[in-house]
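The values are calculated or read from the model by the stated rules, or taken from the named source; none is laboratory data. Just so it is clear, the structure is predicted and the values come from calculations on it, not from any experiment. When we count neighbours, we look across all protein chains shown, and the Cβ atoms used for this are built from the backbone with ideal geometry, even at glycine.
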Amino acid sequence: MISLAVTASIVLLTAGDGPQATASDKPWMEQVTVTVGPPVVVAQAVETGLVWGVWQFPTISRPEPGKLLVAFNMNEDRPYDNPADLKPPGRYASVDGGMSWQPCDLEPGFTSLYGPVKLCHRRNGDVLYSSAKSGLMVRHAGTGQWHSVPFTVEDAITGVANAGQKHPSLSLYALGQIVELPDDSLLGVRMTRLQGRGSGPRPKWGTYCLRSVDDGRTWKSHAVIAQDDANQPLNGYCEPSVEVMPDGSLLAALRTEGGMEADQKTGVLYLAQSCDGGLTWSTPRAVNPFGVFPQLLRLDNNIVVLAFGRPGVNLLFNVDGRGERWQGLTLLVNEGQRFTHTSGYTSLVATGADRFLIAYDQFDYPDADGEPRKTILVREVVVR
């Protein structure tokens, strides 16, 4: 195990212009100790020379106690005109806490291109998720069975009104999620090309949210989290991740820019905050000079994890309860500016009050003969 003791707060983002607090008057500025376990191979490609997208973009989830699922993309990262041309995701299960993995079938309902998506574990024990293919899926506590929930959407933000099982405004594959708010309502978080935003060859993105007060049967427009304008980077605000913070506020992590061209790889990573249940959001503030596909996870010890990538795979930790100050920068894959070792896309799942598993891909992880192969990996991280 690798233990990293962070003895001082790394202030990457602050609120306000007043004097900065010190460790003596703010207990949340005490040191954070991060312990990183060794990589565990979930699956490894035999082929070489695989194109971008194949054997990449893993997701990890815990659909039920004692079981973990990892799924990853097996298709080239490009639009497909015919869905029948898509290969099913790679999928593996673990019943020993992530120490070993075996191939498995997808759970009923887990039919997203990238496999299991971000699950919403509700306080009443229910689990739910949504995807463009499956619609809204729920597993009620005690039954262990997944079933589809009919729902309607009144989306004034994108101008879409829909009733049915499948709706892109709730498609949560890797680009959104469902969050349970402190009042038991649900927030659906999405990225989309908002009307009238952006111009040029690549339309700009914005992120917004819908809210349901009836367990997901009805969704209505709630608020725009962040939207692009002519002065913002190429891809706008996209790939949102939202978490309920210890102080009850909502924190959104947002990617900007993107693409594989040389000058489009390191868009700034932003954070936005809401203190009224997602109805209004602060102006996005930069937290890191780069970062694709940010992932937020609040542990039971109230430390909040932020994972992001490209270059590399990186972790930061927040202990102030508000998302203002981040500590313990941890690099799991360090590739400088090469962008050739990993997609930088990660997925997180809590496995204890002070620990979690992170799933990621690495393009040159050695096989048994020492040959580099595209590999899906998980590592346990303990933070106290």
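Of all residues in segment 318-350, those satisfying the criterion of being modelled with pLDDT of 90 or more, closer than 19 Å to Asp361 by Cα and buried (at least 18 other Cβ atoms within 10 Å of the Cβ) are Thr330, Leu332, Val333, His341, Thr342, Ser343, Gly344, Tyr345, Thr346, Ser347, Leu348, Val349.
Filter segment 344-364 down to residues that are over 14 Å from the mean Cα position of the chain (by Cα) and of a type in the set (S, T, N, Q) and give me whichever is farthest from Pro246 (Cα to Cα). I'd like the intermediate steps shown before the answer.
So in segment 344-364, the residues over 14 Å from the mean Cα position of the chain (by Cα) come out as 351-355, 361-364.
Then drop every residue that is not of a type in the set (S, T, N, Q), which leaves 351, 362.
Values: Thr351: 18, Gln362: 33 Å.
Across segment 344-364, the extreme among qualifying residues is Gln362.
Please verify whether Val54 is touching an Asp or Glu at 6+ places or on another chain (Cβ under 8 Å) and either at pLDDT 55 or above or among the small types (Gly, Ala, Ser) (or both), treating the condition exactly as stated. Give the derivation first.
On the way: touching an Asp or Glu at 6+ places or on another chain (Cβ under 8 Å): yes; either at pLDDT 55 or above or among the small types (Gly, Ala, Ser) (or both): yes.
Yes, satisfied.
For segment 81-97, filtering for residues that are within 22 Å of Val46 (Cα to Cα) and either free of Cβ contacts under 8 Å to residues at least 24 places away in the same chain or not polar (S, T, N, Q) (or both) leaves 9. Give segment 326-355 a look and list any residue that's in a loop (DSSP other than H, G, I, E, B), more than 23 Å from Arg123 (Cα to Cα) and in contact with a strand residue (DSSP E or B) (Cβ under 7 Å, 6 or more places away or on another chain), or say none. Within segment 326-355, Thr340, His341, Thr342, Ser343, Gly344, Tyr345 meet the criteria. When the residues of segment 275-306 are filtered to those that are touching a Ser or Thr at 6+ places or on another chain (Cβ under 6 Å) and either closer than 29 Å to Asp354 by Cβ or of a type in the set (A, V, I, L, M) (or both), the one that is modelled with the lowest pLDDT is Phe290. Only residues that are under 19 Å from Val287 (Cα atoms) and among the hydrophobic types (A, V, I, L, M, F, W, C) were counted across segment 333-369, and they come to 0. Look at (1) outside any strand (DSSP E or B); (2) surrounded by fewer than 19 Cβ atoms within 10 Å (Cβ to Cβ); (3) touching an Asp or Glu at 6+ places or on another chain (Cβ under 8 Å); (4) not hydroxyl-bearing (Ser, Thr, Tyr) and you find that Val382 fails only one, number (1).
Being at pLDDT below 95, of a type in the set (Gly, Ala, Ser), assigned to a loop (DSSP other than H, G, I, E, B) and in contact with a Pro (Cβ under 8 Å, 6 or more places away or on another chain) is a condition met by no residue of segment 223-246.
A search for C-beta distances below 6 Å between a residue of segment 327-351 that is under 12 Å from Val381 (Cα atoms) and any residue that is of a type in the set (A, V, I, L, M) and outside any strand (DSSP E or B), counting only pairs 6+ apart in sequence or on different chains, returns Ala350/Leu299.
Which of the residues spanning segment 111-143 are charged (D, E, K, R), buried (at least 16 other Cβ atoms within 10 Å of the Cβ) and at pLDDT 90 or above? Steps first, please.
Narrowing segment 111-143 to residues charged (D, E, K, R): 118, 122-123, 126, 133, 139.
Still in the running and buried (at least 16 other Cβ atoms within 10 Å of the Cβ): 118, 122, 126, 139.
Selection gives Arg122, Asp126.
Put simply, of Asp155, Asp214 the only residue that is modelled with pLDDT of 75 or more and farther than 20 Å from Val292 by Cα is Asp214. Quick check on my filter: what residues within segment 189-211 are modelled with pLDDT under 85, under 14 Å from Asp155 (Cβ atoms) and surrounded by 17 or more Cβ atoms within 10 Å (Cβ to Cβ)? Passing the criteria: Arg190, Met191, Thr192, Leu194, Gly206. The set of residues in segment 58-110 that are exposed (fewer than 13 other Cβ atoms within 10 Å of the Cβ) and in contact with a Leu (Cβ under 6 Å, 6 or more places away or on another chain) contains only Tyr80. Residues in segment 279-300 that are crowded, with 16+ Cβ neighbours inside 10 Å and under 18 Å from the mean Cα position of the chain (by Cα): 13 in all.
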